[in-house]
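Report on the structure given below.
The numbers here are math on the coordinates, done by the rules we state, and not lab data. A quick note: this is a predicted structure, and the numbers were derived from the prediction, not measured. Neighbour counts run over all protein chains shown; Cβ positions are idealised from the backbone, glycine included.
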Amino acid sequence: MSLIVQKFGGSSVADATKLRRVAGIITDTYKAGNNVIVVVSAQGDTTDDLIEKAKEINPNPSKREMDMLLSTGEQISASLLAMTIENMGFPVISLTGWQCGVHTDSNYSASRIKKVKAERLNAELDKKRIVIVTGFQGINKYDDITTLGRGGSDTSAVALAAACHADLCEIYTDVDGVYTTDPRIVPEAKKLDEITFDEMLELASLGANVLHNRSVEMAKKYNVNLCVRSSITPNVEGTVVKEVVKMETMVVRGVAKDNDVARISLCNIEDTPGKAFRIFSLLAKHNINVDIILQSIGREGTKDISFTTSEGNLQQVLDICEANKEIIGYGDISYNTNVSKVSIVGAGMVSNAGVAAKMFEALYDANINIHMIGTSEIKVSVLIDQGMENKAVKAIHDKFELGN
Ligand code: ADP
Ligand code: ASP
Ligand code: MG
């Protein structure tokens with residue numbers, strides 16, 4: 001007998017028909033003699049709709065109240081799915097994040113899981129019940145409901161799999177695996193049988209929302225057997241995410257894009273030591289992740305520093321810079337949200353010269369201008385004008401012949 005965690009995303013549980021289909025996958029797994037923990041997201045666009053509702057009432061609601069609101073979406077799908085399974089005659093119970101001991105920090109709307117106290121979960125499994133858990137949420141030390149950030153149900157699933165030592169964690173979604181790029185943008189994209197944790201982590205962090213990036217981080221840390229597959233065609237083999245994959249000739253594993261990017265530039269900073277340290281330590285103190293960083297060569301005693309972050313962080317970054325203008329010592333600040341990031345990812349890149357050049361050539365051929373470049377051992381990212389990102393993804397995907 002195995003313990004299997006199955007996570008179903010919003011599109012997989014969007015209506016009664018889909019709930020019945022998902023219930024079929026779950027009960028088949030249970031009938032085969034397995035213990036099953038199920039993690040669900042809110043139905044369809046529920047989370048977006050709730051955010052809209054909140055904005056009608058208060059354009060700037062507190063994050064605590066937002067978490068209280070958004071967590072309800074997952075409660076609806078968990079209870080409805082439990083009722084569906086109940087109706088099929090199987091023993092089942094739905095539990096919220098706090099009922100099954102998901103403890104998080106207090107960073108409302110982007111909380112991190114600190115520990116999972118799995119006693120209740122294990123007790124329900126001992127009673128041979130199928131346990132349905134609300135994804136995306138937990139509880140903090142003040143007994144407040146917290147949420148894990150958009151797409152966070154994947155992370156809930158992996159956290160429960162790690163805490164309960166599950167044999168497998170299956171992420172069921174509306175595509176049948178991880179592709180070389182979003183198959184909705186590039187129909188020629190190819191499904192990958194396997195991908196490494198590191199590659200998947202980069203792809204997810206750079207915009208491939210098929211998996212929440214922190215779910216991949218956690219699966220790697222706790223050695224969770226993780227796979228992505230389709231709730232529509234559950235018999236099709238999905239993609240396995242693991243530490244080491246079979247030897248592959250593919251240098252570039254995938255292409256990702258992200259429109260949730262803001263570029264901020266601090267200009268005319270005094271060209272002396274410690275400026276970058278000041279800026280980025282201030283941002284780090286406020287939990288603000290930055291991605292691509294570009295510093296110009298000093299000219300006439302001054303330099304410019306530009307960086308990117310997610311759009312949601314923009315106002316806070318501007319406020320922090322404004323409040324610390326004297327300490328940082330810059331002249332002007334400018335920003336642009338009309339930009340997108342396009343990235344290539346692949347563990348084979350590090351030992352292959354010319355990969356970045358090939359990517360830039362693809363963009364040149366497509367007449368797309370590059371504003372900033374960021375690289376690591378296994379990725380190259382470029383910042384381009386928003387609106388060009390799909391064209392860029394296609395051009396790069398073609399250039400590296402990833403569809404073949
Ligand atoms: P869920 O609601 O199941 O969590 P998401 O919408 O979060 O589903 O993630 C699935 C979507 O991720 C797919 O519909 C697809 O458009 C998108 N996607 C982006 N990049 C990729 C990729 N490289 N491979 C597969 N899907 C991707
Ligand atoms: N319902 C949440 C969201 O839409 C969490 C998730 O789907 O994983 O972001
Ligand atoms: Mg998702």
Checklist line | Selected from ASN352, ALA23, ASN369, residue furthest toward positive end of dipole (the chain; charges at beta carbon) | finding: ALA23
Notebook entry, point to check: Residue-wise, which Karplus ³J(HN,Hα) couplings in Hz belong to region 98-112, taking 6.51 cos²θ - 1.76 cosθ + 1.60, θ = phi - 60°, and x for glycine or proline?
Noted result: 6, 5, 9, x, 8, 9, 10, 6, 9, 7, 3, 6, 8, 6, 10
Check: Does anything in region 86-116 have its amide N under 17 Å from the 7 Å Cα→Cβ label point of ARG20, and if so which residues?
Finding: 86-90
Margin query: Whole-Hz ³J(HN,Hα) for each residue in region 55-66, computed from phi via Karplus 6.51 cos²θ - 1.76 cosθ + 1.60 with θ = phi - 60°, x for glycine and proline: what do you get?
Written below: 5, 5, 8, 8, x, 9, x, 5, 5, 4, 5, 4
Next item on the list: Within the chain, what's the longest run with no GluC sites (Glu not before Pro) in a DSSP loop and at most 16 other beta-carbon atoms within 10 Å? Give the range, please.
Entry: 1-187
Next item on the list: Could you tell me the distance between the Cα centroids of region 326-404 and region 267-296, to the nearest Å?
Entry: 21 Å
Notebook entry, point to check: In percent, how large is the relative contact order of region 280-404, given Cα pairs closer than 8 Å and 6 or more residues apart?
Noted result: 23 percent
Check: Dipole magnitude of region 53-174 about its Cα centre, charges +1 at Lys/Arg Cβ and -1 at Asp/Glu Cβ only, in debye to the nearest 20?
Finding: 300 debye
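Helix-derived [θ] at 222 nm for the chain: sum -39500 (n - 2.57) over DSSP H runs of at least 4, divide by residue count, nearest 500? Each step should come with its number before you reach the end.
Values: 12 runs with 138 residues, N = 404.
Counting only the DSSP helices, I get -10500 deg cm²/dmol.
Which whole-number percent is the relative contact order of region 92-133 (Cα, under 8 Å, 6+ apart)?
On the way: 54 pairs, mean separation 20.9, N = 42.
Relative contact order for region 92-133 comes out at 50 percent.
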Item checked: For region 236-244, Karplus couplings with θ = phi - 60° (6.51, -1.76, 1.60), whole Hz, Gly/Pro x -> 6, 4, x, 10, 9, 9, 8, 5, 10
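At 25 °C and a viscosity of 0.890 mPa s, what translational diffusion coefficient does Stokes-Einstein give for region 234-296, taking Rh as the Kirkwood radius over Cα pairs? Give it in µm²/s as a whole number.
On the way: Rh = 16.7 Å.
For these conditions, the coefficient is 147 µm²/s.
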Checklist line | LEU206 long-range amide H proximity, modeled H, under 5 Å | finding: none
Check: So what does the Cα-only Debye profile of the chain read at q = 0.06, 0.10 Å⁻¹, as log10 I(q)/I(0), no solvent term?
Finding: -0.26, -0.72
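Quick one: LEU402, LEU226, fewest Cβ neighbours within 10 Å first, how do they rank? Present the calculation step by step, with values, prior to reporting the outcome.
Numbers: LEU402 23, LEU226 27.
Placing the least packed residue first, the sequence is LEU402, LEU226.
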Margin query: Can you classify region 123-174 as rounded, prolate or oblate using the Cα gyration tensor, where a ≥ b ≥ c are the square roots of its eigenvalues, rounded means a/c under 1.5, and otherwise it's prolate if a/b beats b/c and oblate if not?
Written below: oblate
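Give the calculated FRET efficiency between GLN99 and GLU237 to the nearest 0.05, with a Förster radius of 30 Å applied to their Cβ-Cβ distance.
Details: r = 34 Å, r/R0 = 1.13.
The calculated FRET efficiency here is 0.30.
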Notebook entry, point to check: Using 0.36 nm per residue, how much length does the chain from SER2 to ASN390 gain when fully extended, once their Cα-Cα distance is taken away?
Noted result: 135.5 nm
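Given region 256-341, report the % of alpha carbon pairs whose separation exceeds 19 Å.
33 percent
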Checklist line | Amide H within-cut-off set for ILE171, under 5 Å, with H built and near neighbours excluded | finding: LYS7, CYS227, VAL228, ARG229
Item checked: Cut-off under 5 Å, modelled amide H: who pairs with VAL92 long-range -> ILE130
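Calculate the dipole size of the chain relative to its Cα centre from +1 charges on Lys and Arg beta carbons and -1 charges on Asp and Glu beta carbons; express the result in debye to the nearest 20.
Working: 43 positive and 52 negative charges, 173 e Å.
Using only the charged Cβ atoms, the result is roughly 840 debye.
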Next item on the list: At 7 Å along the Cα-to-beta-carbon direction for both ALA284 and ASP271, put a label point, then send me their distance in nm to one decimal.
Entry: 2.6 nm
Check: Looking at region 221-286, how many pairs of lysines come closer than 25 Å at the Cα, when each pair is eight or more places apart or spans two chains?
Finding: 5
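When a/c reaches 1.5 or more, the comparison of a/b and b/c decides; with that in mind, is region 1-123 rounded, prolate or oblate per its Cα gyration tensor?
On the way: a/c = 2.81, a/b = 1.48, b/c = 1.90.
Verdict is oblate for region 1-123.
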Item checked: Partners for LYS53 among aspartates and glutamates (Cα-Cα distance below 20 Å; same-chain residues under 8 apart left out) -> ASP45, GLU65, ASP67, GLU74
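I'd like the FRET efficiency for ASP332 and ASN367, computed as 1/(1 + (r/R0)^6) with the beta carbon distance as r and R0 of 41 Å, rounded to 0.05.
Details: r = 30 Å, r/R0 = 0.74.
It comes out at approximately 0.85.
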